[in-house]
Amino acid sequence: METNPYFQTRGVVIYPGDLTLQDWPERAARAGLTTVALHDGSEPSKVATFLRTEAGQRFLDDCGRLGLQVEFELHAMLELLPRRLFDANPELFRQNEVGEHTPDANLCVHSPRALEIVAENTVALSQELRSTTGRYFLWGDDGRGWCRCSACRGLSDSDQSLLLTNRLLDALRTVDSRATIAHLAYLNTLWPPKQIRPKPGVFLEYAPIRRRYNIPYAQQVGADIVEPLTALDANLEWFGQEGAQALEYWLDVSRFSGWKRLTTRLPWNREVFQADLDAYGGRGVRHITTFAAHIDADYVAYFGEPPLPEYGALLRDWPLLSG
């Protein structure tokens with residue numbers, strides 16, 4: 001058996017509500033995983049509130065006892081730049097395609113005051129949601145647009161996202177000297193930036209949510225493929241391999257069930273998963289995690305055990321079991 005696994009991060013991303021399955025940490029540890037991350041839509045404060053509960057403290061204590069790392073993967077902009085500021089200060093917020101400021105998503109990345117507010121709130125949030133690894137995941141609004149003002153419109157959504165991420169890294173390093181932060185390549189930021197370069201300490205997180213899961217990712221080629229594996233190659237060329245993480249959906253009940261509960265059993269495919277590990281590992285990606293949302297006590301009672309042990313074993317033993 002592999003004693004020094006190639007994949008350094010072997011993780012899952014779940015919602016606090018999934019911890020109705022109270023032995024989630026024990027299951028993750030038995031599967032040989034290293035990391036459990038919490039996620040909750042676009043409201044990080046909900047995660048912080050959960051961690052202050054008895055169940056939240058039990059989760060943290062269990063992870064510590066079992067040697068599991070705890071991270072937080074969050075669409076954070078709605079709270080890092082509170083929408084209540086819009087009426088008095090619309091200039092903090094993005095302009096849409098017709099030149100109107102709107103609080104619907106993200107911010108104007110050329111507003112110094114907006115960046116100051118976001119940095120201040122990032123510091124405060126990191127005190128409540130302290131990553132045990134020093135890796136932070138503070139994403140823009142979920143698949144939403146960025147700014148189209150005269151200063152911003154020459155930058156792609158990916159460039160604007162990275163410009164902000166570089167600023168957040170500076171803020172995090174004032175309170176956590178080892179902090180690193182993810183640039184999320186996802187939906188409208190799937191393709192890499194063209195102008196803004198990542199600061200040292202910014203790593204790639206690649207999340208191909210619109211790929212197919214009935215065939216290996218590497219086989220998904222053609223003009224009709226909206227998220228080809230070449231997007232990962234382009235990102236790795238821009239960001240490098242250091243710290244690069246794939247954020248996948250192999251165990252994401254929420255995705256396969258249309259973000260509803262108890263409608264679909266996971267369509268787990270060992271062969272596809274193993275081929276996908278070959279694709280990622282062969283490109284030098286050494287950090288792998290997957291959404292495992294909606295695997296909770298009700299899911300196990302209704303559909304039976306999820307394939308967590310096989311997921312963990314294949315990750316731990318790659319490439320010994322490859323091919």
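The values are calculated or read from the model by the stated rules, or taken from the named source; none is laboratory data. Predicted model only: the values in this text are computed from it and were never measured. Here the Cβ positions follow ideal geometry from the backbone for every residue, glycine too, while neighbour counts run over all protein chains shown.
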Counted residues in the stretch 238-273 being out of contact with any Lys or Arg (no Cβ under 9 Å at 6 or more places or on another chain) and touching a residue at least 60 places away in the same chain (Cβ under 8 Å) come to 3
Is at least one residue of the stretch 200-215 among the aromatic types (Phe, Trp, Tyr), in contact with a strand residue (DSSP E or B) (Cβ under 7 Å, 6 or more places away or on another chain) and over 30 Å from GLY154 (Cα atoms)?
no
Only one of (1) farther than 19 Å from ARG211 by Cα; (2) in contact with a strand residue (DSSP E or B) (Cβ under 7 Å, 6 or more places away or on another chain); (3) not small (Gly, Ala, Ser) fails for HIS294. Which number is that?
(2)
Hits in the stretch 158-200 - residues which are under 20 Å from MET77 (Cβ atoms) and of a type in the set (Gly, Ala, Ser)
SER158, SER161, ALA171, ALA179, ALA182, ALA185
Among (1) touching a helix residue (DSSP H, G or I) at 6+ places or on another chain (Cβ under 7 Å); (2) at pLDDT below 95; (3) of a type in the set (Lys, Arg) - the single one LYS260 does not satisfy
(1)
Within the stretch 141-157, residues being in contact with a His (Cβ under 8 Å, 6 or more places away or on another chain) and either among the charged types (D, E, K, R) or over 17 Å from HIS101 (Cα atoms) (or both) number 2
GLY222: passes all of (1) modelled with pLDDT of 95 or more; (2) assigned to a loop (DSSP other than H, G, I, E, B); (3) more than 22 Å from ASN121 (Cα to Cα) but (1)
Looking only at the stretch 62-74, decide whether some residue is of a type in the set (Asp, Glu), modelled with pLDDT of 95 or more and out of contact with any strand residue (DSSP E or B) (no Cβ under 8 Å at 6 or more places or on another chain).
yes
Could you check ALA28 against (1) under 30 Å from GLY304 (Cα atoms); (2) among the small types (Gly, Ala, Ser); (3) out of contact with any strand residue (DSSP E or B) (no Cβ under 8 Å at 6 or more places or on another chain) and say which number it fails?
(3)
Filtered residues of the stretch 255-289 (kept if surrounded by 22 or more Cβ atoms within 10 Å (Cβ to Cβ) and among the hydroxyl-bearing types (Ser, Thr, Tyr)):
TYR280, THR289
Of all helices (runs of 4 or more DSSP H) completely enclosed by the stretch 253-323, which ones contain at least 1 residues that are within 17 Å of LEU33 (Cβ to Cβ) and small (Gly, Ala, Ser)?
270-281, 308-317
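Go through the stretch 157-187 and report how many residues are among the hydroxyl-bearing types (Ser, Thr, Tyr) and in contact with a Lys or Arg (Cβ under 6 Å, 6 or more places away or on another chain). Steps first, answer last, please.
Filtering the stretch 157-187 for residues among the hydroxyl-bearing types (Ser, Thr, Tyr) gives 158, 161, 165, 174, 177, 180, 186.
With the extra rule that they be in contact with a Lys or Arg (Cβ under 6 Å, 6 or more places away or on another chain), the set shrinks to 180.
Residues in the stretch 157-187 being among the hydroxyl-bearing types (Ser, Thr, Tyr) and in contact with a Lys or Arg (Cβ under 6 Å, 6 or more places away or on another chain): 1 in total.
Per-residue answers, yes or no, for (1) under 19 Å from ASN121 (Cα atoms); (2) of a type in the set (Val, Ile, Thr):
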{"position": "LEU163", "(1), (2)": "yes, no"}
{"position": "LEU168", "(1), (2)": "yes, no"}
{"position": "TYR186", "(1), (2)": "no, no"}
{"position": "GLN195", "(1), (2)": "no, no"}
{"position": "PRO200", "(1), (2)": "no, no"}
{"position": "LEU204", "(1), (2)": "no, no"}
{"position": "ALA207", "(1), (2)": "no, no"}
{"position": "ARG210", "(1), (2)": "no, no"}
{"position": "VAL226", "(1), (2)": "no, yes"}
Here the qualifying pairs (Cβ atoms under 9 Å; residues six or more apart or on different chains; first in the stretch 214-237 and more than 15 Å from ASN188 (Cα to Cα); second among the hydroxyl-bearing types (Ser, Thr, Tyr) and exposed (fewer than 15 other Cβ atoms within 10 Å of the Cβ)) come out as VAL221/THR230
